[in-house]
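Colleague: Sharing a structure below in structure tokens format, with a few things to ask.
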Amino acid sequence: LRQGQLEILNYVYPEDLQQAQAATPATIEIMELFDSLTIPYPFFNEKYGHAQFSWGGGMEHQTMSFMGGFWYSLIAHEAAHQWFGNHVTCGSWHDIWLNEGLATYFEGLTVERYQSLGLWNYWKQLKIQSVTSAPEGSVYVNDTTSVSRIFDGRLSYNKGAMVMNMLRYTVGDSVFFAALTNYLNDPALAEGYALTADLQRHMEASSGKNLSAFFNQWIYGEGYPTY
């Protein structure tokens, strides 16, 4: 990484050791990519790693993600949470997409960087199919009493990710990643909490654009256009 060598520590069930030894080296290129795109890995002075557990999916505990398996996309998703979710986390459940949508999008950025254009387009197409499988619901969570709504894969994860992809092409690559860097570096947010308005503020400051219409349509609004 930019700061030097980072310890990557893995706790694995003995019966799965061989599989984990084959899969976890991907963590290195994933961490290098995320480290290069915005701010350096926030917990460099400690470590990063994984602890296997018996649930499905993963949980992004700071510096030590709990993993139900060691597939590439899960490693990438939980690693991305060290930036988006652990270094800066959502200030309310309304804004969970700031954690999950961004982690999902950064998971996709590993496909864009390390795999083929065809697989990157396929990754995006699968997300779009998920998003457009139903019209209702906004990325912004209106009902925070419902756990299933907060962690809705279609809205908080996939639509959040694809809206970030749209925003990237609205403001341009350099502005997009500069804004995310400033968001993560913001003294009011770093090692603390952010709301959707904070991300919008940084995107507007870096781009010089008024993005109210974009956020009102795509984050707070529902549905999608058909052509």
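Colleague: What's the number of the only condition in (1) open to solvent by less than 20 Å² (accessible area, probe 1.4 Å); (2) under 18 Å from the mean Cα position of the chain (by Cα); (3) free of Cβ contacts under 8 Å to residues at least 60 places away in the same chain that A51 fails to meet?
Modeller: A51 satisfies every listed condition except (2).
Colleague: Restricting to segment 102-119, what's the tally of residues that are open to solvent by 10 Å² or more (accessible area, probe 1.4 Å) and of a type outside the set (D, E, K, R)?
Modeller: Going through segment 102-119 one residue at a time, the tally reaches 7.
Colleague: Out of (1) among the hydroxyl-bearing types (S, T, Y); (2) open to solvent by less than 50 Å² (accessible area, probe 1.4 Å); (3) touching a helix residue (DSSP H, G or I) at 6+ places or on another chain (Cβ under 9 Å), what's the single condition that is false for T63?
Modeller: (3)
Colleague: Moving on. Across segment 184-227, what is the number of residues that are modelled with pLDDT of 95 or more, in contact with a Ser or Thr (Cβ under 8 Å, 6 or more places away or on another chain) and among the aromatic types (F, W, Y)?
Modeller: Of the residues in that region, 4 qualify.
Colleague: Here are some conditions: (1) without any contact (Cβ under 8 Å) to a residue 40 or more places away in the chain; (2) open to solvent by 20 Å² or more (accessible area, probe 1.4 Å). N99 meets all but one. Which one does it not meet?
Modeller: (2)
Colleague: Considering segment 173-190 alone, what residues qualify as being open to solvent by 10 Å² or more (accessible area, probe 1.4 Å) and either out of contact with any helix residue (DSSP H, G or I) (no Cβ under 9 Å at 6 or more places or on another chain) or more than 12 Å from E204 (Cα to Cα) (or both)?
Modeller: Scanning segment 173-190 gives D173, S174, F177, T181, N185, D186, P187, A188, A190.
Colleague: Counting just the residues of segment 9-48 that are touching a strand residue (DSSP E or B) at 6+ places or on another chain (Cβ under 6 Å) and exposed (fewer than 15 other Cβ atoms within 10 Å of the Cβ), which one comes out farthest from A79 (Cα to Cα)?
Modeller: Here the residue is Y13.
Colleague: Let me ask something else about it. Restricting attention to segment 128-158, and to residues there that are in contact (Cβ under 8 Å) with a residue 60 or more places away in the chain and closer than 16 Å to P225 by Cα, which single residue is most open to solvent (accessible area, probe 1.4 Å)?
Modeller: E136
The values are calculated or read from the model by the stated rules, or taken from the named source; none is laboratory data. Computed from a predicted model, the values in this text were never measured in an experiment. Cβ: placed from backbone, ideal geometry, glycine included. Neighbour counts: every protein chain shown. Quick note on the areas: whole protein, heavy atoms, side chains included, nothing else; ligands and nucleic acids left out. Shrake-Rupley method; radii C 1.70, N 1.55, O 1.52, S 1.80 Å.
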